[in-house]
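Novice: Sharing a structure below in structure tokens format, with a few things to ask.
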Amino acid sequence: MNINELATASGVTTRTIRYYVEQELLPNPEYGYPAQYTTEHLQRLALIRRLKEEYLPLDEIKTMLQGLNADELAALLTEHTANPPPAKAATLLTSAGDYINQVLGRGAVREQMKQNYAPPTPAPATPPATAARKEQAAGAVPPTLDRAAPMPPAPPAATAPPPTPAAMPTPALSAPASEAAIPARRARVDTPPGSIADEGAQPDASRAATAAFATVRAQEAAAAPQAEIAPAPTAGANDAETWRRIVLWPGIELHIAVHEDRRFNRIVARLLEAAHRILAEEPEKAEDTL
Amino acid sequence: MITWKAEIDRRYVPTDRASECYLRVSIKVGKETPRGRRLPLTLALVLDRSGSMSGSKLDKAREAAAYCVRQLGADDQVAVVTYDDEVDIVGPVHAMTDRAKRRLLDDIRHIRSGGNTNLAGGWLTGAQEVAAQTDGRLARVILLTDGLANVGMTDPTELAHHAAELRARGVSTTTMGIGADFNEDLLERMARHGGGHFYFIENAAQIADMLHRELGETLTTVARGVTLEVTLPPGVEANLLNDFELGGDRHCLRVRLDDLVAGESRAPVFRLIVQPGRDDTTLPLTARLRYQDVASGETRELRDDDSALTYATRARCEAERPNAAVQEEAELLNVARARESALRYDAAGDYAGSAAVLNQAAQRLQTVAPASPAAQAEVAKLQAEGQEATGGFAALRRKALHYSKANSLQNRE
């Protein structure tokens, strides 16, 4: 079949098909005019689609599909066409344990801290964070913390007539409205892909920080005021080029390299302390200053 | 045993203009629990022990936790985690052998109240405990709190995201909010995205009831990963009125209903928008229901091809008597959306807006279902809420309304 027929049969656009070929998710078509695609292409496309629905990133799908023969492909397709039960789906993603490790510790940084200070950990039943690191390196980092910039409460909608029940604003739709109303006050941070649509939440940024294991808390407090820090979701926490972004105020951010050096961390802590002291002098509602 | 049926409120749609109708897919699970085996359970009980929990709330929470532990067998596993500003693993995840039970019950008795509320840390630590136990088991975290998350991660959007990610990895989250001070938006969203349930507990005496209910439900899971797929013909678009997770695309909508327990029912309702078309042509709709049957472990797929719409003259459309039950159900979902909207106005301080939304919803429901006693009761309730809204809702009432709308949108009672 030619590319148009393949597109029709698979429900995937020709552009996407070409992109997949280019990205080596699909084998090259057979030469000819027009180029010919086979049922294997069709199967692969169906499988890619299913896997995408399971939120697998393309490079992981690519790895999965590499070197599969027709039988294996068909088997995998059957498995994924039947709605996979949660347990089965889980084997395709990072494990729940690794995921939590990543969220709790932002992976390597926290692991590193634990090792440095060697506190008696209660050792929660989880595998080591190596897989989490690997995923970070691949750039597949969960979305996060730093979008929690301070936002004003939803503006009163007094001027607008209330919507009729037929046209109730869905939560997802109401967010842009509040954004439009007060553009200057909102520190815009790009929403990472895959995150849930903001449902009109008004997070408190100064507190939107990483959760920690109780046992490392005290040590962390000595190293840096972790509770006030939102680590940036950047890749590869174990290389020196990892930066943390701390939103101090709408429009004011501090970027700090993740460092193990105690002196460095002490300086950062003092800097943050000073910043918070200055900012705390500002009244909470400061529309007039903007 | 699952029975289901797809119904559209009308058979005919006009040829000369776009029209709207409703499709309801009612899914019912039989009362009998699966014979043979139930899913072994891995449960993390995460208890808030912040200062505000001290006294009867923590007492009741301890009692309820002890009840859970006693209910479970050696195949099940339980972890108990408490948090204030720090997180403690009271009992790491362990099979509930008699000996382990005795030890855990003893540890539960010694839980004492403390400081602030590191909700995220407690929750994630609980999830961590059950994380390794997702294969062929039901891994669930039950979070019980009376306060706002004020230490650690606190952003509802972020926490809901993590809850969804964990659910995709086999760990589900149920949340229980006690009293007037918790963040219902946060807890409801964590549970909704987390594939568990949200409970509003007005006073401590109800903690045990709710936990019994949750545990009972979890133990009688009949079908897992329940998914409804609706395929639409060209010229028809659909919006889901309920709060179920929606996937797929415009032509084939996929609704995730997750795990269903004995006696439970779900009825997703779609608003169909139908473009004009040629007289007498038929628009077929296909519904598919997929799930994993717990008793047999098999994946089942049911298919329904009986629903269809037919283009007809306007006169014929107007002569048709629509299905009142489907219309009423759709309108009740609109009412829940109205409550959601009213709460948002209320939170923003626009009490007049809040009242107007509720009154409008009452009027509409009155028009749609003038003869239904259930709808009439709801109309009266809405009118009373509309009155109340003009002065702003008290904290407990806000929670009750939030709970009520969340339950309606997810077909829970």
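Novice: Per residue and in Å³, how big is the convex hull formed by the alpha-carbon atoms of the stretch B:41-219?
Specialist: Values: hull volume 15.8 nm³, N = 179.
For the stretch B:41-219, the hull spanned by Cα atoms encloses 88 Å³ per residue.
Novice: For the stretch B:156-198, list whatever residues lose no less than 30 Å² of accessible surface once every protein chain is in place, relative to that chain by itself, with the probe at 1.4 Å.
Specialist: Residues shielded by partner chains are B:157, B:158, B:161, B:162, B:166, B:168, B:169, B:189, B:193.
Novice: Considering only protein heavy atoms and a 1.4 Å probe, what is the carbon-and-sulfur percentage of the accessible area of the stretch B:41-219?
Specialist: Details: 2210 of 5150 Å².
About 43 percent, which is the carbon plus sulfur part of the accessible surface.
Novice: Let me ask you something else. Can you tell me, using C-alpha contacts under 8 Å and at least 6 residues apart, the relative contact order of chain B as a whole percent? Intermediate values should be presented prior to the final figure.
Specialist: Values: 925 pairs, mean separation 78.1, N = 413.
RCO, chain B: 19 percent.
Novice: Give me the 1.4 Å probe accessible area per residue for the stretch B:324-409, excluding ligands and nucleic acids, in Å². Numbers along the way, then the final one.
Specialist: Numbers: 3220 Å² over 86 residues.
Computed with neighbouring chains in place, this is 37 Å² per residue.
Novice: Using 1/(1 + (r/R0)^6) with R0 = 25 angstrom and r between the beta carbons of residue B:380 and residue B:239, what's the FRET efficiency to the nearest 0.05? Don't jump to the answer; show the numbers that get you there.
Specialist: Values: r = 28 Å, r/R0 = 1.13.
FRET efficiency, residue B:380 to residue B:239: 0.30.
Novice: Moving to a separate point now. In whole Å, largest first, what are the principal axis extents of the Cα atoms in the stretch B:324-409?
Specialist: 36, 22, 15
Novice: In whole Hz, with x marking every Gly and Pro, tabulate ³J(HN,Hα) for the stretch B:134-139 from phi via Karplus 6.51 cos²θ - 1.76 cosθ + 1.60, θ = phi - 60°.
Specialist: Once rounded to whole Hz, the list reads 8, 6, x, 10, 9, 9.
Novice: Next question. Residue by residue through B:348-357, how many Cβ atoms from other chains fall within 10 Å of the Cβ on average?
Specialist: Values: counts 8, 6, 8, 2, 4, 8, 2, 1, 4, 5.
Going residue by residue through B:348-357 and averaging, the value is 5.
Novice: So what's the gap between the Cα centers of the stretch B:32-107 and the stretch B:154-189, to the nearest angstrom?
Specialist: 19
Novice: Oh, and also: Keeping all protein chains in position, work out how much accessible area residue B:200 exposes to a 1.4 Å probe, and write it in Å² to the nearest 10.
Specialist: 10
Novice: Mind jotting down a quarter of the surface of the convex hull over the alpha carbons of chain B, in square nanometres, one decimal?
Specialist: 20.5
Novice: Can you give the convex hull volume of the alpha carbon atoms of the stretch B:234-321 per residue, in Å³?
Specialist: Details: hull volume 11.3 nm³, N = 88.
Output value, Cα hull per residue: 129 Å³.
Novice: Still on this model: Let me test this: with uniform point scatterers at the alpha carbons of the stretch B:190-344, what is the Debye-based log₁₀ I(q)/I(0) at q = 0.13, 0.16, 0.19, 0.20 1/Å?
Specialist: Log10 of I(q)/I(0), two decimals: -0.80, -1.10, -1.36, -1.43.
Novice: Please work out the Kirkwood hydrodynamic radius for the stretch B:283-331, using every pair of different C-alpha atoms, and report it in angstroms with one decimal place.
Specialist: For the stretch B:283-331, the Kirkwood estimate is 14.1 Å.
Novice: If you don't mind, another one. Excluding ligands, DNA and RNA, what is the solvent-accessible area per residue of the stretch B:41-219 at a probe of 1.4 Å, expressed in Å²? Each step should come with its number before you reach the end.
Specialist: Working: 5150 Å² over 179 residues.
Computed with neighbouring chains in place, this is 29 Å² per residue.
Novice: Shifting gears a bit: How large is the helix-only mean residue ellipticity at 222 nm for chain B, computed as the sum of -39500 (n - 2.57) over DSSP H runs with n ≥ 4, divided by its residue count, in deg cm²/dmol to the nearest 500? Spell out each step's value before the answer.
Specialist: Details: 11 runs with 156 residues, N = 413.
Here the helix-only value at 222 nm equals -12000 deg cm²/dmol.
Novice: May I ask for the net charge around residue B:360, where only other residues with Cβ less than 13 Å from the Cβ of residue B:360 are counted and Lys, Arg are +1 while Asp, Glu are -1? Each step should come with its number before you reach the end.
Specialist: Numbers: positive: B:337, B:339, B:364; negative: B:331, B:385.
After counting each charged neighbour, the total is +1.
Novice: Note the buried accessible area between B and A here, summed over both chains, with a 1.4 Å probe, in Å² to the nearest 100.
Specialist: Values: alone 17860 and 17780 Å², together 30690 Å².
Using a 1.4 Å probe on protein heavy atoms, the buried area is about 5000 Å².
Novice: For residue B:197, list long-range residues whose amide hydrogen, built 1.01 Å from N in the peptide plane, is under 5 Å from its own amide hydrogen.
Specialist: B:174, B:175
Novice: If you don't mind, there's one more thing I want to ask. At 1.4 Å probe size, with the rest of the protein present, what percent of the exposed accessible area of the stretch B:324-409 is carbon and sulfur atoms? Present the calculation step by step, with values, prior to reporting the outcome.
Specialist: Numbers: 1840 of 3220 Å².
On the stretch B:324-409, the fraction of accessible area on carbon and sulfur atoms equals 57 percent.
The values are calculated or read from the model by the stated rules, or taken from the named source; none is laboratory data. What you see is a predicted model; the values in this text were computed from it and never measured. FYI the Cβ positions are ideal-geometry reconstructions off the backbone, even for glycines, and counts take in every protein chain you see. Ligands, DNA and RNA are stripped out before the accessible areas are found, and what is left, the full protein with its side chains, is counted by its heavy atoms. Shrake-Rupley method; radii C 1.70, N 1.55, O 1.52, S 1.80 Å.
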